[in-house]
Every structure is written in C-alpha cells, then in structure tokens.
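Undergrad: Pasting a structure below so you can have a look.
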Amino acid sequence: MKTILATAAVAALVAAGGTLAHDYQLQALHIDHPFARATPPGARSGGVFLSVENDGTRPDRLLRVSTPIAGTAEIHQMVVDGGVMRMRAIAGLDVKTGDRLVLQPGGYHVMLTDLKRPLQAGDSFPLTLAFERAGSIEVKVVVETMAAGAMQPHGGH
Ligand SMILES: [Cu+2]
C-alpha cells in the first residue's frame, strides 16, 4: 500500500515537472524558464521573460539578446515618467554574484519588435543571450497564454 502511494506521488511530480523543467547552465550562470506571452492579432511586439542566477565568484553582465523571429530584440527597463509607466532600452543588465536577475512582466524584459509572426501559445522560438564573461547561449523561449491584465503597461512604443 505504501509503495503504491509513493509511486503515485512521484508520478504526479514528474508530470508537473515535465512542463516546468526548462532551464540552462552556462558556466556559473543558471538561466531559468525563458517564456513569452502570446501576442494578440496584429501585434508587432512582444516581451520575453526569464531569470539568471549567478552561482560564480565573479559578476557578469547580460549585454545583448537576439532572435530570428523579430526585427529587433532589446533589453528594456520599466520607468515611471510623470506618473506613467514607460519602458526604455538599456545597454545591459548586471548579474551579480550570488544574485538572481529576474526579467518579468512589469519589470525588466526583452522587447521584441517587428515580429515576423504572431507569438502563439504552445509555440517556441530560439533566443540568444550574450553575456560579458560567460559568453553566449541559445535558449528556447516557450510561448504561454496571455494572462489576464498582461496587456497593460506596454504602451511606451
Ligand atoms: Cu519593452
């Protein structure tokens, strides 16, 4: 009886992990869960989100991002400008040692503009991340369904 219960629990964990396990190691950098939100019809831009953890002894810096599915890919920051949330391109993002850099909706993100096709839930596409010290890595970005309210502060363009 005990054995059967344990097996069922493990099976449930594996099933849940199957869709979540989606991460990459690049030297001391651990890149977790790169995802994008599905874009509404006609949209030409979209955001990509992920996190980078630096387990090493030296700081690193995310310098550039690129993908074949968009005309441009930039690192963006959200800023409050006269009480309005806007975003602007920044030259790079530090990944401090023992720290976790998080790109998430409403915060830092990778901005894709001139999308060559809409981003549809369930699709995936490659994104290359270039770091100052660790070098470059291509990750797979998974497109997730648009969450309620996800469309709000993307008006800066
Ligand atoms: Cu943006």
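Undergrad: Arranged from highest to lowest average of other beta-carbon atoms within 10 Å per residue, in what order do the peptides 48-54, 59-65, 115-121 appear? Walk me through the numbers before you get to the answer.
TA: Details: 48-54: 21.7, 59-65: 18.3, 115-121: 14.6.
In decreasing order of mean packing, 48-54, 59-65, 115-121 become 48-54, 59-65, 115-121.
Undergrad: Between residue 61 and residue 116, what length in nm is gained on full extension when 0.36 nm per residue of separation is reduced by their alpha carbon distance?
TA: Numbers: separation 55, 0.36 × 55 = 19.80 nm, distance 2.81 nm.
The span from residue 61 to residue 116 would gain 17.0 nm if fully extended.
Undergrad: Still on this model: For a protection proxy built on the mean count of beta-carbon atoms within 10 angstrom, sort 78-87, 91-100 highest first, please.
TA: Details: 78-87: 11.9, 91-100: 13.4.
For the peptides 78-87, 91-100, the packing ranking is 91-100, 78-87.
FYI, it's all coordinate maths here, none of it is from the lab. Bear in mind the structure is a predicted one, so any value in this text is a computation, not a measurement. Using ideal geometry, Cβ is built from the backbone for each residue, glycine included, and neighbour counts are taken over all protein chains shown.
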